[in-house]
Structure formats: structure tokens, C-alpha cells
Amino acid sequence: MTEPVFRFAPSPNGHLHLGHALSALLNARAAVALQGRFLVRVEDIDQTRCTPDLERDMFEDLEWLGVPLDEPVLRQSGSFPLYRNALERLQDLGVVYPAYLTRAEIKRFVADYEKDGAVWPRDPDGAPLYPGEDAVLSPKEQQDRAQSDGAFALRLNMKAALARIEVPLTWQEYGAEGSALFRSPKTVPVDALAWGDVVLARKDTPTSYHLSVVVDDARQGITDVLRGQDLYAATSVHRVLQSLLGLPEPRYRHHRLILGEDGRKLSKSNQDTSLRSLREAGISHAELRRRIGL
């Protein structure tokens, strides 16, 4: 059996919170339990929000947690050519197209569509599916935007992508903690159409999370993707991209989420749950583990 390789891949665009602590510790523990390796990856594609100061704070938090670091740490900001290469391969397959509608235009279109009681389809995260230029712009407007130097996104034509995949896609879902790590997996069918035509890149950014995560997991040899339940549905998109790009399929494990008092998953804007604020308040490791259910 191939040596298991786990990873924790935070973005230094805010301070880590209790949910990050759970994910990092579960990955580190799983690597030990299964006699594998544990890597930390820095997902710093957003060069505006991700800063050196926040990255430094992130590593201080991880050191305080006792999370091991396997140097050198991979940073996505140094990997843009690899993402461009993957995007070009998808373009060569004919499954990528430029999309010119702005978020405001999509919002207005959906509002108009739904004003009489109709319901526009939304993806598993609750965002409206992309309606396409034909639904919003005239042929002249489409031509003008294609010839302009304005902003655009590159989207995956999901129907065209699925037409290139010969067999129904699935993924293997394993347990995320404790004895469940060793249980037999369940087979989950891919439901990629529920996501519509996802964004793969933008004019000023050569990749999206969906594209970069499958490229990075493959090149780092990640065998076990252990992440939050909020990314469970996104696995369908990732399996489609892995199939199109000929990338290996890892084992998937989705862990429970730490929720705030309002019942929502934690956000980096919730300073009261940030590891930094809890450290400064003198919280012990034992109390932290109790709060995250470990």
C-alpha cells in the first residue's frame, strides 16, 4: 500500500480559528494513525488579502497547536505557471469558455427571473448557476465584450466536460477521525451538474480554488484529502477535473464542522474564535481540544 499522505492547506487571508485547529489536528492525527506523512500547504492565490504578516501569524498558531511542519512548505503563489498549464490543457479539450457577465448582472437577471415566483437554480453553496451571455446580453453586446479588454472569467462547460468522461464518476468517502479512519469506504456518485459552469480562472488570476486544489494534491502525492464537510459537495467538481486532466483520485474524508453560536460555520471574521485571541486569553491545549471535541 502506498504511504498515506495528508495535508492541511489554509489561506493566510485572516487568522486561523477553531475550525482550522480541528482540521489541522485531525489531519496530523490521521497521518500518525495510518503511519503516513502530513504536509502543510499555503493557499495564497489571493495576493491582495494574503499577506506575509498573516502567514507569519498562521505558522505561529500552528506551532502553538503542535502541528508538525514538513519543509519546504508549498506556496501556491509560486505555482501560477502550473495552473496556467492545466488550464490550457482544458482549453485544448474544448471545455472552457470566457464568461463576461458581472456578479451584478447575474444578480439582476436572477432577481428579474424570480420576481413572479419562479426559482432560478443554485449550486450547493447557494450561488445562482451561471445563466450564460445569451440570457442577458444582445449579440452586439456579446461581441463588444469579447473584443474589449474588460474583465472576464474562464468557466468550465460542465455538460461538455461530462460528455468527455466515458463512465459515471464516483469518489470513495472514508471516515475522518478515530476508529472511522479504518472503516471501509462508501461510494458516492458525482453530481457535477449541480454546480453548473464553475469558474476556473479570471482575467487577473490564473486559477481558482477548484483548479489549484486538484493540481496541487496530485503533484504533492496527496493520497487522503481530509477536509471540512462544507467541501463535501465540491468533491464532484474536483473529480471531474481530475478525470479530464488525468490526475490520480485520492481518498476523501470530510470531517464535522465547528459551528458558531448562530449555527453557522466559523469565519475568519469571528475574532472571538480565532486561535490568536484564544492564545492571548490564556486558553490551554486541553481546553482547546475540549472545545473542538477532541
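Could you please find all residues in segment 184-207 being at pLDDT below 95 and either under 24 Å from LEU22 (Cβ atoms) or part of a loop (DSSP other than H, G, I, E, B) (or both)?
Scanning segment 184-207 gives LYS203, ASP204, PRO206, THR207.
Of all the criteria given as (1) closer than 17 Å to VAL214 by Cβ; (2) assigned to a loop (DSSP other than H, G, I, E, B), the one not satisfied by ARG155 is (2). Of the listed requirements (1) without any contact (Cβ under 8 Å) to a residue 24 or more places away in the chain; (2) exposed (fewer than 14 other Cβ atoms within 10 Å of the Cβ), ALA135 misses just one: (1). Evaluate segment 234-252: report whether one residue or more is within 17 Å of GLY19 (Cβ to Cβ), modelled with pLDDT of 95 or more, touching a helix residue (DSSP H, G or I) at 6+ places or on another chain (Cβ under 6 Å) and surrounded by fewer than 22 Cβ atoms within 10 Å (Cβ to Cβ). There is no residue in segment 234-252 that is within 17 Å of GLY19 (Cβ to Cβ), modelled with pLDDT of 95 or more, touching a helix residue (DSSP H, G or I) at 6+ places or on another chain (Cβ under 6 Å) and surrounded by fewer than 22 Cβ atoms within 10 Å (Cβ to Cβ). Within segment 215-237, the set of residues being touching a residue at least 40 places away in the same chain (Cβ under 8 Å) and under 11 Å from PRO250 (Cα atoms) comprises ASP217, GLY221, ILE222, THR223, ASP224, VAL225, LEU226, THR235. Residues in segment 48-76 that are surrounded by 13 or more Cβ atoms within 10 Å (Cβ to Cβ) and polar (S, T, N, Q): THR51, GLN76. Show the residue pairs meeting these rules: Cβ distance below 8 Å; 6+ apart or different chains; first residue within segment 173-191 and farther than 16 Å from PRO4 by Cα; second residue assigned to a helix (DSSP H, G or I). Taking only residues 6 or more apart or on different chains, the pairs are VAL188/THR235; VAL190/THR235; VAL190/SER236; VAL190/ARG239; VAL190/VAL240; ASP191/SER236.
Looking only at residues in segment 145-172 that are touching a helix residue (DSSP H, G or I) at 6+ places or on another chain (Cβ under 8 Å) and closer than 30 Å to ALA31 by Cβ, the one that is surrounded by the fewest Cβ atoms within 10 Å (Cβ to Cβ) is THR170.
Residues that are under 18 Å from PHE59 (Cα atoms) and in contact with a helix residue (DSSP H, G or I) (Cβ under 8 Å, 6 or more places away or on another chain) were ranked within segment 20-40; the one that is surrounded by the most Cβ atoms within 10 Å (Cβ to Cβ) is HIS20.
Flag: ARG122 matches the condition of being within 17 Å of VAL198 (Cβ to Cβ) and without any contact (Cβ under 8 Å) to a residue 24 or more places away in the chain.
Within segment 187-197, not a single residue is out of contact with any Lys or Arg (no Cβ under 9 Å at 6 or more places or on another chain), among the aromatic types (Phe, Trp, Tyr) and surrounded by fewer than 19 Cβ atoms within 10 Å (Cβ to Cβ).
Checking each residue in segment 276-288 for being within 16 Å of SER23 (Cα to Cα) and either without any contact (Cβ under 8 Å) to a residue 12 or more places away in the chain or surrounded by 14 or more Cβ atoms within 10 Å (Cβ to Cβ) (or both) picks out only LEU288.
Just so you know, in segment 120-162 the residues that are within 21 Å of LYS203 (Cα to Cα) and basic (Lys, Arg) include one that is modelled with the highest pLDDT, and it is ARG155. Might you check whether a residue that is among the hydroxyl-bearing types (Ser, Thr, Tyr) and closer than 19 Å to LEU211 by Cα occurs anywhere in segment 6-15? Yes; the residues of segment 6-15 include at least one that is among the hydroxyl-bearing types (Ser, Thr, Tyr) and closer than 19 Å to LEU211 by Cα.
The values are calculated or read from the model by the stated rules, or taken from the named source; none is laboratory data. All values derive from a computational prediction rather than experimental measurement. A quick note on method: Cβ atoms are made from the backbone with ideal geometry, for glycine too, and the neighbour counts reach across all protein chains shown.
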